[in-house]
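Here the structure comes first, spelled out in structure tokens, and everything after it is commentary.
Derivation of every value follows stated rules applied to the coordinates shown; laboratory data play no part. Just so it is clear, the model here is predicted, and its values are computed rather than measured.
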Amino acid sequence: MAVAPGSSIPAAVGEHEEFLEAWRHFSRATQRAKGRRCDAGELSLTQAMLLSGLLDGGAMTVGALADRAEVAKPTATRMLDGLERAGYVERRQSGEDRRVVLVTLTDRGDRALQTRWASFREGLERASAALTPRERDEATALLKRLADLLDEV
């Protein structure tokens, strides 16, 4: 099976080729967006997704954060190590069970997370505004349908 240039995804064949190429293009764009920071020292979208469960001021375990962000626990741990060093989160033992470590946002982390989500929303609003009303309606329906189909893959 041939692999598309610059990708680990098999090359598209036949009637689905254009769709699969568009899918690869969209997938790469979303991966770039997830890793991109607004400015140096700000949170990436992936980091913001990991921390979003803490926005209500609550504390969560690493496992709960990982599950919510749909990343592996070791990945979440590595990300949180860096976020803790940068002063965005704190870890502390649970008062109820000393074996449990809880993660909370610092004030700096809360501000950075609010800023990141506001920036992301503004970017999505700009993208939406660049579409015609019909394109926006079609894209909305198609994105929902594709999300449902991906759950079946």
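Couple of notes before you dig in:
- Fully extending the segment from E18 to L124, taken as 0.36 nm per residue of separation minus the present Cα-Cα distance, adds 35.7 nm.
- Nearest-ten-degree value, helix 107-129 long axis tilted from longest Cα axis of the chain: 20 degrees
- Equivalent ellipsoid semi-axes, the chain, via Cα gyration tensor eigenvalues times 5, rooted, Å: 35, 20, 15
- Long-range HN-HN contacts of V100 with modeled amide H, under 5 Å: S94
- The long axis of helix 133-152 is offset from the longest Cα principal axis of the chain by roughly 70 degrees.
- Derived scalar couplings between HN and Hα for segment 58-64 equal x, 10, 9, 6, 4, x, 5 Hz in order, rounded to whole Hz, by the Karplus curve 6.51 cos²θ - 1.76 cosθ + 1.60 (θ = phi - 60°), x for Gly and Pro.
- Nearest 10 degrees, 0 to 90: helix 73-85 Cα axis against the chain principal axis: 60 degrees
- Long-range amide H partners of M60 with built H, under 5 Å: V103
- Segment 49-55 - phi-based ³J(HN,Hα) in whole Hz, Karplus 6.51/-1.76/1.60, Gly and Pro as x: 4, 5, 8, 4, x, 8, 4
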